[in-house]
Each structure stands twice: as C-alpha cells, then as structure tokens.
1. For segment 46-152, run through the chymotrypsin sites (Phe, Trp or Tyr not before Pro) and keep only the ones in DSSP coil with at most 15 other Cβ atoms within 10 Å of their Cβ.
2. Using only C-alpha positions, report the orientation-averaged shadow area of the convex hull of segment 136-208, nm², one decimal.
3. I need the trypsin sites (Lys or Arg not before Pro) found in segment 179-213, filtered to DSSP loop residues with at most 12 other beta carbons within 10 Å of theirs.
4. Going down the list K208/K233; K58/K208; K166/K233, which pairs span over 29 Å between their C-alpha atoms?
5. As an exercise, identify the GluC sites (Glu not before Pro) in segment 34-71 lying in DSSP coil whose Cβ has no more than 15 other Cβ atoms within 10 Å.
6. On average, how much area does the Cα convex hull of segment 74-128 cover when viewed from any direction, in nm²?
7. How high is the FRET efficiency between T223 and T27 when r is their beta carbon distance and R₀ equals 45 Å, given to the nearest 0.05?
8. Report, by chain and number, residues whose modeled amide H sits under 5 Å from the one on G163, excluding near sequence neighbours (fewer than 5 apart, same chain).
Amino acid sequence: MTATTDGSTGAANLSAPPAGHPADTTTAADEVLDAARRAAERSVEHLLGRQDEQGWWKGDLATNVTMDAEDLLLRQFLGILDPETTRAAALFIRGEQLGDGTWNTFYGGPSDLSATIEAYVALRLAGDRPDEPHMARAATWIREQGGIAAARVFTRIWLALFGWWKWDDLPELPPELMFFPKWVPLNIYDFGCWARQTIVPLTIVSAKRPVRPAPFALDELHTDPAHPNPPRKLAPAASWDGIFQRLDKGLHL
C-alpha cells in the first residue's frame with residue numbers, strides 16, 4: 001500500500017514513470033513509421049551506391065523465351081539466321097525448359113501453350129529433333145492443350161509466315177484502321193504506345209500475307225494433322241467475343 005496525495009492509501013501505480021522521467025508516448029504506428037523511414041533511407045543509400053558517376057543506372061531486364069524464339073523465327077524469315085546466334089539462343093531456350101517439357105512466360109509461372117509452341121519451333125530451327133526426349137515431352141503437352149489451333153493469335157501469325165498456319169484462319173487486321181478518328185472505338189490511339197508499335201506493322205503484314213517456305217513440317221503439334229485448322233464455334237451474338245467473331249467474318253468476305 002502507498003499513501004496518495006489526499007492522505008488515503010491505495011495500490012501503487014507500477015506503470016507510472018519514475019519521478020523526473022517523461023512518459024513514453026510511442027505507439028505502434030510510430031514504430032511502423034520509424035521502421036519504414038529507416039528502410040527508405042537504406043534503399044536510397046543502396047540505389048545511390050549503384051548509380052554510375054554519370055547519373056544513370058543499369059540492370060537486368062528479365063523476359064521469357066518467346067523473345068529469343070521470335071528472334072530466330074524472324075531471322076529465318078529474313079534469311080539471315082546464322083549458326084552462332086542460333087546456338088546461343090537455343091542454349092538459353094533449352095535452359096529455361098521446365099521439367100514437364102514446357103515453358104512459362106514469367107519466373108515461377110504456369111506452363112504457357114503459346115510460349116511452348118514458339119520455343120519448340122525455335123529449337124526445331126536450331127536442329128533439335130522431334131524424337132529427342134525434351135522435344136517429345138513438349139510436343140505431347142502441346143497436343144494435350146489443343147495443339148497449334150489453341151495458341152494465341154500472335155503465335156499463329158508467326159507460324160503463318162512459314163505456311164504452318166493459314167492466313168485465312170487468322171483475324172483480319174486491315175491497315176485502314178489508321179484512318180479511324182479518335183472518337184471511334186478501337187481507333188489506334190485507344191491502345192498503349194507499345195501496342196501501337198505492334199498493331200501497326202501487323203496490319204501491313206496481315207494485308208500482304210507473306211509466306212516463306214517452311215524448313216520442316218509441324219504435324220506433331222496438331223491434335224489431328226489431317227485437319228490442322230479445325231473450325232471454331234461462334235460465341236453468342238450478344239457477347240463481345242461473338243460481336244468480334246462476326247465482324248471478323250464479315251471482313252473476310
């Protein structure tokens with residue numbers, strides 16, 4: 001027991017600070033804010049330590065195997081594919097293959113059909129045989145997912161350049177899109193700058209429909225090689241898919 005200021009007795013206040021010491025008013029929020037401030041200071045110090053004396057930074061740009069695969073496809077199309085570039089790209093692509101024979105589009109991501117098709121074709125260009133274990137695993141998985149017919153449009157455009165897919169079975173991308181004013185839906189300025197850089201040349205390629213002789217067949221990537229381009233069912237007319245499918249059908253007339 002201890003005496004109080006009014007002369008009564010009561011339990012001692014053990015939480016009260018000793019005389020002459022200020023009370024600790026730090027809250028959990030203050031501690032979090034202080035930790036964040038220290039982390040920010042360490043981050044700034046780290047970044048400044050990696051800055052070049054001229055003021056810039058450099059770092060790795062992580063991508064996936066489709067960039068290297070498409071580079072080989074483009075070089076093959078242009079007739080400038082050289083052994084050294086092919087060897088280096090193929091080495092990287094093989095090194096990124098997952099255990100089940102597939103490839104993904106980002107680290108730790110799921111297997112991706114289009115990426116696997118493009119990587120497979122690139123390795124075929126590099127001389128890998130379809131009966132090699134790593135190629136056979138990839139081809140089996142591709143067929144299980146629906147084959148080339150189930151790949152993204154962009155992948156099938158690459159394949160159409162070599163006759164591995166029919167241009168008639170691809171969506172129309174008329175160059176006249178350039179004439180759409182900004183108030184028209186889906187005008188070229190509705191897309192991001194990176195998308196415009198892709199769409200504009202694709203409209204020209206789509207109109208010209210160039211084809212180079214394929215160096216080999218890709219029957220092993222079709223669920224039914226006798227019918228590699230199966231017709232696709234139309235989506236309901238009231239859906240966006242249905243609207244675009246019917247619009248594309250009209251553009252093919």
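1. W56, W57, F106, Y107
2. Its Cα hull, projected and averaged over all orientations, spans 6.1 nm².
3. Sparse-neighbourhood loop trypsin sites (Lys or Arg not before Pro): K182.
4. Values: K208/K233 27 Å; K58/K208 39 Å; K166/K233 18 Å.
The answer is K58/K208.
5. When the GluC sites (Glu not before Pro) of segment 34-71 are filtered for loop state and at most 15 Cβ neighbours within 10 Å, E53 remain.
6. Values: hull surface 15.6 nm².
Approximately 3.9 nm², given one-decimal rounding.
7. Rounded to the nearest 0.05, the efficiency is 0.10.
8. R212
Bear in mind these aren't lab numbers, they're just calculated from the coordinates by the rules spelled out. Just so we're clear, the structure is a prediction, and the values are computed from it rather than from any experiment. No Cβ is skipped: glycine too gets one built from the backbone with ideal geometry, and neighbour counts run over all protein chains shown.
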